[in-house]
Each structure stands twice: as structure tokens, then as C-alpha cells.
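First comes the structure, then the notes that go with it.
The values are calculated or read from the model by the stated rules, or taken from the named source; none is laboratory data. Owing to the predicted nature of the structure, the values given are computational and were not obtained by experimental measurement. Note that each Cβ is placed from the backbone with ideal geometry, even for glycine, and that neighbours are counted across all protein chains shown. Calculation scope for accessible area: heavy atoms of the full protein, side chains included, ligands and nucleic acids excluded. Shrake-Rupley method; radii C 1.70, N 1.55, O 1.52, S 1.80 Å.
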Amino acid sequence: MLSKLKNLKVLITAGPTREYLDPVRFISNESTGKMGYAIADFLYKNGADVTLISGPVSITSTIPLKKIVQVKSANQMFEACKIYFDTTDVAIFSAAVADYKPKFQSNCKIKKTAEVSMVEFVKNIDLALEFGKVKIGKQISIGFALETNDVLENATKKLQSKNFDSIILNSPKEGEGFGFDTNKIAILKKEGNIKFFSLKSKQEVAIDIINELVEIL
Ligand code: CTP
């Protein structure tokens, strides 16, 4: 079955994004990129043509460097994805894209003159939502949902609103997902079926996710 991965064009977003306030300060999140990188590595090992669009992380990949596009902000991640999306067979949105960015970005380092400082945030571009709108029939997209409450309901909403074929549900609990080497997931498919998995290493979780993908192909 894994032979279906040979030469399959896959676009993967991974890691956090950084949204800068000034040249040296940013808001971001705890994403390590490990889940996305594990998926990318396994796909590459099995012959897929993988392009990894990565936010700033401190891990490495087995994918050739020329197939990794390093970005920082959500806008940069979006622009990089635009280059590859049309020709991709499968898009996997594993990046923890910052939902908001500072309304203004200063070109100079902000001085600490004010006693109280307020930052106004505006919504960031939602990559998965935008590509979900232009996705064509034969393209497959897989998303992630990080939820703390009403988990199945919220994941189902994201699956539908972002036009995913399936969504990987995980939680920010100790040892699961964000910032850890292990993950405990459920996979929801657009047809309505749900599969639950036990706590595993991210490498093993990547294989579960790819096995599900192979079933759709
Ligand atoms: N996503 C994205 N661009 C964004 C936000 C999210 O591409 N600006 C993608 C993520 O990579 C993931 C999916 O959308 O595949 C869901 O991300 P998540 O952070 O769980 O949900 P949000 O849509 O951001 O909603 P909320 O934070 O309100 O739960």
C-alpha cells in the first residue's frame, strides 16, 4: 500500500510562526514542529516528493535542504505554500500558525518609554481555510485540531469549514502533542467516521496518519 506514496507530491506546513512587534520581538507558540517533520520524513522515506514549509524550529529533517522552505510569519508561510499548492496532490497543515499578529510592526526596536504598553492584534491569514476554498476534486488535504473542550464537535467544525478530507485531533495535555515527543490522536474523516489511537511516539503517530492517507488515495 505504501507504494502509492511513490512520487506523490505532498506539501506540509510545520512548526510555529512568529509574528513580529519590532525587529527583535515577536509572539509565537510552543510548537516544536516534531509532528510535521515526522510525517514529512516518513513520506520522503517512502518515495513521496515532499515540500516542507517550516516555521522556526530546532530539529532537522532527512528531506533534502532544497525541499525545505524556511519561513517565519504566517504571511510568509502562506506565500511559500502558494508556490506549490496548485501542483500538490496532498497538503498536510500541521503548522501551529499564530491566529493573531500585531496590527503594527515597528521597523525600529521599540523603546521602553511608556509605563504601560498596549499591543493591538489583528487576525492572521488562515492558510488551511484559504487553500480549502481553492482545492480541486483530486487534491487531498489533512488538517490538525488542537482542542481542550468539546473536542469532537470542534474538530468536526474545523474539518468542514476548512474543507479537509480528514483532521487529526490532539490535545495540549501533558505528554500529548504540543511540545512533547508523544501524541495521542483521533482521526476524523469527512465521511463521518472516527478512529481513536493510543499514546505513541510522534514517529509512530506519523505512520498511523499516513496509513489513513493511503486509504484515501
Ligand atoms: N491553520 C492554518 N492557518 C491558521 C490557523 C490554523 O493553516 N492561521 C490550520 C492548522 O495548521 C490546522 C488547522 O488549521 O491544520 C486548525 O488549527 P487550530 O489552531 O486547531 O485551529 P484554528 O482554526 O486556529 O481555530 P482556534 O484557534 O479558534 O481553535
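Looking at this structure, is S94 away from the ligand (no atom under 16 Å from the Cβ) and of a type in the set (G, A, S)?
It is false that S94 is away from the ligand (no atom under 16 Å from the Cβ) and of a type in the set (G, A, S).
Condition first: modelled with pLDDT of 90 or more, assigned to a loop (DSSP other than H, G, I, E, B) and open to solvent by 40 Å² or more (accessible area, probe 1.4 Å). Can you find one or more residues in the range 165-177 that meet it?
no
Would you confirm whether or not the range 149-162 contains a residue that is under 15 Å from the mean Cα position of the chain (by Cα) and surrounded by fewer than 18 Cβ atoms within 10 Å (Cβ to Cβ)?
No; the residues of the range 149-162 include none that is under 15 Å from the mean Cα position of the chain (by Cα) and surrounded by fewer than 18 Cβ atoms within 10 Å (Cβ to Cβ).
For the range 96-124, give me the residue count where each residue is loosely packed, with under 10 Cβ neighbours inside 10 Å and not basic (K, R).
Here the count works out to 9.
Is the range 125-132 home to any residue that is over 21 Å from N75 (Cβ atoms), within 11 Å of the ligand (Cβ to nearest atom) and β-branched (V, I, T)?
Within the range 125-132, not a single residue is over 21 Å from N75 (Cβ atoms), within 11 Å of the ligand (Cβ to nearest atom) and β-branched (V, I, T).
So which residues in the range 111-138 are of a type in the set (S, T, N, Q) and touching a strand residue (DSSP E or B) at 6+ places or on another chain (Cβ under 7 Å)?
Residue satisfying the conditions is N124 alone.
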